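Since the structure comes first, as structure tokens, the remarks are kept for the end.
Read-outs: derived from the displayed coordinates by stated rules, not from any lab. Not measured: the values here are computed from a predicted model. Ideal geometry is used to build each Cβ from the backbone, glycine not excepted, and the neighbour counts take in all protein chains shown.
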């Protein structure tokens, strides 16, 4: 009897042990895969965005290239919501959808034009920090041409198990925060009218 | 010089007109959550006056400073411009060192001291940044940042004539930095105050020249240039206060629900089709 219990006990311990080891391996493997995935994601983005963009000849071509990059790599709906702040709630569902699209167009046009001078770049990932809730911050240093290296932090979220950028900060200057402040001011000047901002974004997106 | 007089008069007229009549921004309807949030985040109760000075600064920038900076960019080769900037930075070392020490940043104070010694001697009076080649990188520091490190809040946003974006903390900091600067006293004691005028004039033109393209693009691209500058000034100052160090608690702003009163359905990423 005693030996039976002993044997069972040993078996349980063994099974438990294996499970623990298995989960540890799996856990470790996943953590590493996550960092690797994030690195891969950022590298792919920077290659596609900066290199492809630099190959284009005209503003129109660059803008056309940037728009799909935004849709593919950025969580535009979440960014749009953050950028509109309290006015997101006031906007009608149609306005929200229109704003997301108008804002994406506006970003492609304004930032598409700025890519002209970048003929070469190097991106170093310094550190990846797990912010919890599927969110990660990748701290990178980007060197464009022969200029001084620039700190760029990427805030990345997991949406439907896919990585999406929520924001990036260049030398501490956040894309989302800057537009949030700007847009709040525009809406305020227009007596709280979200549509006025959307119309202005359309206007600014015209070439 | 005539332009400066015009500027001075316009500035005085602006202060009087705006503080008397409509210096303060209209407060939002307290029931309008979105407007209240926007008002608080902007932290700009003197917005009408600030916008007036912003426009004024912008006007003089367009007709004066930008022109000078343009000539400066064309006339001087990069080497010369870099030498000027190196020298200006070197002259500012005592103030940077004092603030490094005030903030208890020992290793940064060491960097600043080494830079000052190396560049003032080997670097021929600061014209060549030899220290950088030896691994002592430049960093900026001022008393506004020191006050922030000591726990002073920035206060409401300000746009000042000539100076531009600021706030009470940074404005006070500028005053203290002037007092900390040995050159202020040299100018005062030996009656050569013009050296400081030349220095700050050069500094202004050099900085403007370096940001020529960035500022032009920003101006063209933004819908509200004033609000963009206001936001960028704050973010840039906050980054400088942290000395550019990575701050993990900075991250969660986006999509964190407490930043957004109420909620609205967010379409899933990738599911949004072009609404145009």
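General remarks:
- Estimated FRET transfer efficiency (residue B:107, residue B:62; beta-carbon r; R0 45 Å; 0.05): 0.60
- Between residue A:43 and residue B:242, the simple label model (points 7 Å from Cα in the Cβ direction) yields a spacing of 2.7 nm.
- Across the range B:158-238, the relative contact order, built from alpha-carbon pairs under 8 Å that are at least six residues apart, equals 20 percent.
- Taking each residue as 0.36 nm, the span from residue B:162 to residue B:55 lengthens on full extension beyond its C-alpha to C-alpha distance by 37.4 nm.
- Available extension along the chain between residue B:117 and residue B:139 is 6.4 nm, counting 0.36 nm per residue and deducting the alpha carbon span.
- For the segment A:152-162, counting C-beta atoms of other chains within 10 Å of every residue's C-beta and taking the mean gives 2.
- Take every pair of alpha-carbon atoms less than 8 Å apart whose residues are at least six positions apart; their mean separation over the length of the range B:55-169 yields a relative contact order of 23 percent.
- When peptides A:164-175, A:36-47 are sorted by average Cβ neighbour count within 10 Å, with the highest value leading, the order is A:164-175, A:36-47.
- Ranked A:159, B:79, criterion: other C-beta atoms within 10 Å, fewest first: B:79, A:159
- Counting other Cβ atoms within 10 Å as a rough exposure proxy, the listed residues A:107, B:91, B:218 run B:218, B:91, A:107 from fewest neighbours to most.
- Inter-chain shielding of A:85-96 (mean C-beta neighbours from other protein chains, 10 Å cut-off): 5
- Inter-chain neighbour count for A:64-75: the average number of beta-carbon atoms from partner chains within 10 Å of each residue's beta-carbon is 1.
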